Amino acid sequence: MRFMLKSVAVMSVCSALAIVPALSYADDEVVPVTVDGGTLNFEGSVVTAACALSSSSAVQSINMGQVRAASLATAGTTLSTGKDFTISLEDCDNSTYKNVAVTFSGTADANDATGLATGVNGGSGSAQNLSIRFYDETGTQINLNETSSTTALRAGSNTLNFTAKYHTEVGDVTSGDASAVATYTLTYS
């Protein structure tokens, strides 16, 4: 009986060892692991307009750079150089609407109703007596909160070119933050 129990025990151990290679083979396989990822925020809209606004034009950062206060010391000065930017329109159909106009909106400067106020909420760290004016590609000023002249639309893609320039109505611009935020709308006609 002892012999038989030993045989059964040896056979059980041998059977268990025969399974081990199969178990170790299963351990070599890649086991899927799921971990938390990120969040995707999708923004967009469907419009019944003549064109679709390019996603690259929806939100833009225009770096105006550093400007010396001395270059804006005299009342009525607009810097001769500015920063160019574009608004790109895609998939335009000019069979119904032939033209587009742009309106730049924002807080007007206290001294220059045609220009955008600069500085962080007019705080003490803001440049004083300074605004940003908008110009179309012909160099014509586009007054803040007023619609520009129209531009003819072409079928397909269109690029609207603009320039932003610092301006002082009263002179004596002080140093400080000169950033600003504007929005724009497109009017098709």
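Of everything in segment 131-176 that's more than 20 Å from residue 73 (Cβ to Cβ) and charged (D, E, K, R), which residue is farthest from the chain's Cα centre (by Cα)? Among residues in segment 131-176 that are more than 20 Å from residue 73 (Cβ to Cβ) and charged (D, E, K, R), the one farthest from the chain's Cα centre (by Cα) is 154.
Does segment 56-71 contain any residue that is surrounded by 12 or more Cβ atoms within 10 Å (Cβ to Cβ) and over 30 Å from residue 177 (Cβ atoms)? Checked against the condition, which is being surrounded by 12 or more Cβ atoms within 10 Å (Cβ to Cβ) and over 30 Å from residue 177 (Cβ atoms), segment 56-71 yields no hits at all. Looking across segment 153-182, the residues that are hydrophobic (A, V, I, L, M, F, W, C) and in a strand (DSSP E or B) come down to 160, 162, 164.
Kindly evaluate residue 164 against the criterion of being crowded, with 16+ Cβ neighbours inside 10 Å and at pLDDT below 95. No: the conditions fail for residue 164. Among the residues of segment 172-189, count how many are at positive phi and surrounded by fewer than 14 Cβ atoms within 10 Å (Cβ to Cβ). Looking only at that region, the number is 1. From the residues in segment 55-73 that are under 29 Å from the mean Cα position of the chain (by Cα) and polar (S, T, N, Q), which one is farthest from residue 175 (Cα to Cα)? Among them, the one singled out is 55.
Residues of segment 98-119 that are surrounded by fewer than 17 Cβ atoms within 10 Å (Cβ to Cβ), over 19 Å from residue 184 (Cα atoms) and out of contact with any Gly (no Cβ under 9 Å at 6 or more places or on another chain): 98 alone. Looking only at residues in segment 133-161 that are surrounded by fewer than 16 Cβ atoms within 10 Å (Cβ to Cβ) and acidic (Asp, Glu), which one is nearest to residue 187 (Cα to Cα)? Result: 146.
Here residue 100 meets each of (1) farther than 16 Å from residue 175 by Cβ; (2) at pLDDT below 95 with one exception, condition (2). Residues of segment 72-98 that are within 19 Å of residue 116 (Cα to Cα) and of a type in the set (Gly, Ala, Ser): 73, 75, 76, 80, 82. Output the residue which, of all residues in segment 101-130 that are in a strand (DSSP E or B) and more than 22 Å from the chain's Cα centre (by Cα), is farthest from residue 176 (Cα to Cα). The residue in question is 108.
Can you tell me how many residues within segment 98-130 are without any contact (Cβ under 8 Å) to a residue 12 or more places away in the chain and at positive phi? Of the residues in that region, 2 qualify.
Of all the criteria given as (1) in contact with a strand residue (DSSP E or B) (Cβ under 8 Å, 6 or more places away or on another chain); (2) more than 23 Å from residue 187 (Cα to Cα); (3) free of Cβ contacts under 8 Å to residues at least 60 places away in the same chain; (4) assigned to a loop (DSSP other than H, G, I, E, B), the one not satisfied by residue 74 is (3).
All conditions in (1) in contact (Cβ under 8 Å) with a residue 24 or more places away in the chain; (2) in a loop (DSSP other than H, G, I, E, B) hold for residue 133, with the sole exception of (2).
The values are calculated or read from the model by the stated rules, or taken from the named source; none is laboratory data. These figures come from a predicted structure and were not determined experimentally. Counting neighbours? That spans all protein chains shown, and the Cβs are built from the backbone with ideal geometry, glycine included.
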